[in-house]
1. Scan segment 91-101 for residues that are surrounded by 19 or more Cβ atoms within 10 Å (Cβ to Cβ), in contact with a strand residue (DSSP E or B) (Cβ under 9 Å, 6 or more places away or on another chain) and not in a strand (DSSP E or B) and report the count.
2. Inspect segment 18-40 for any residue being surrounded by fewer than 12 Cβ atoms within 10 Å (Cβ to Cβ) and closer than 18 Å to A98 by Cα and give the result as yes or no.
3. Among (1) of a type outside the set (A, V, I, L, M, F, W, C); (2) open to solvent by less than 50 Å² (accessible area, probe 1.4 Å); (3) farther than 19 Å from C106 by Cβ; (4) under 16 Å from the mean Cα position of the chain (by Cα), where does G11 come up short?
4. Restricting to segment 27-66, give me the number of residues that are at pLDDT 95 or above, among the acidic types (D, E) and closer than 19 Å to C106 by Cα.
5. What are the residue pairs meeting all of these: first residue in segment 78-94, first residue farther than 17 Å from V65 by Cα and free of Cβ contacts under 8 Å to residues at least 24 places away in the same chain, second residue open to solvent by 50 Å² or more (accessible area, probe 1.4 Å) and part of a loop (DSSP other than H, G, I, E, B), Cβ atoms under 7 Å, and 6 or more apart or on different chains?
6. Specify which of the listed residues (V73, V69, V55) is free of Cβ contacts under 8 Å to residues at least 24 places away in the same chain and open to solvent by less than 50 Å² (accessible area, probe 1.4 Å).
7. Within segment 24-66, which residues are assigned to a helix (DSSP H, G or I), more than 19 Å from L95 (Cα to Cα), out of contact with any helix residue (DSSP H, G or I) (no Cβ under 6 Å at 6 or more places or on another chain) and small (G, A, S)?
8. From Q109, Q43, grab the single residue that is surrounded by 15 or more Cβ atoms within 10 Å (Cβ to Cβ) and either over 18 Å from R16 (Cα atoms) or over 14 Å from the mean Cα position of the chain (by Cα) (or both).
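The values are calculated or read from the model by the stated rules, or taken from the named source; none is laboratory data. Please read all numbers here as calculations on a predicted model, not as lab measurements. Ideal geometry is used to build each Cβ from the backbone, glycine not excepted, and the neighbour counts take in all protein chains shown. All accessible areas refer to the heavy atoms of the entire protein, side chains included, with ligands and DNA or RNA removed. Shrake-Rupley method; radii C 1.70, N 1.55, O 1.52, S 1.80 Å.
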Amino acid sequence: MFSSTDALKVGQAFARGYNRALGGMAEEWGLSRAEVDVLLFLQNNPGCNTAREVVELRGMAKSGVSKAVDALVRRGYLAAAPDGRDRRVVRLELLPAARPAVEAGCAAQAASWERLRRGISPQEGAVMA
């Protein structure tokens, strides 16, 4: 029988593997983990393109997101422009220069999910969905 403790252990093992995969990718690209998280959040959530949404939905600290966005703008990976209707809102946009790093991050994410699914039948996966 699969207990709640077993579920916690699986979750922690996945988090360790995910963090290791993205940490390696971040190091390879000379990015901080927060910068990688911001890039991947924007890639995976196209309707959510403000730092506030990154903070709220990704659960990151405001200061970390702000620092990451500033670094990504300086690096030419992000554009930050005021919203047309509310000048207090700044919209973030991935730029073409970010594409190779984003693709590497997406590949690391996909590999992490594949490792998690290994050994799980389609029927078992359907139960967990």
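1. Final tally of qualifying residues: 1.
2. Yes, segment 18-40 contains a residue that is surrounded by fewer than 12 Cβ atoms within 10 Å (Cβ to Cβ) and closer than 18 Å to A98 by Cα.
3. (4)
4. Selection size over segment 27-66: 2.
5. Qualifying pairs under 7 Å: none.
6. From the options V73, V69, V55, the qualifying one is V55.
7. G24, S63
8. Q43
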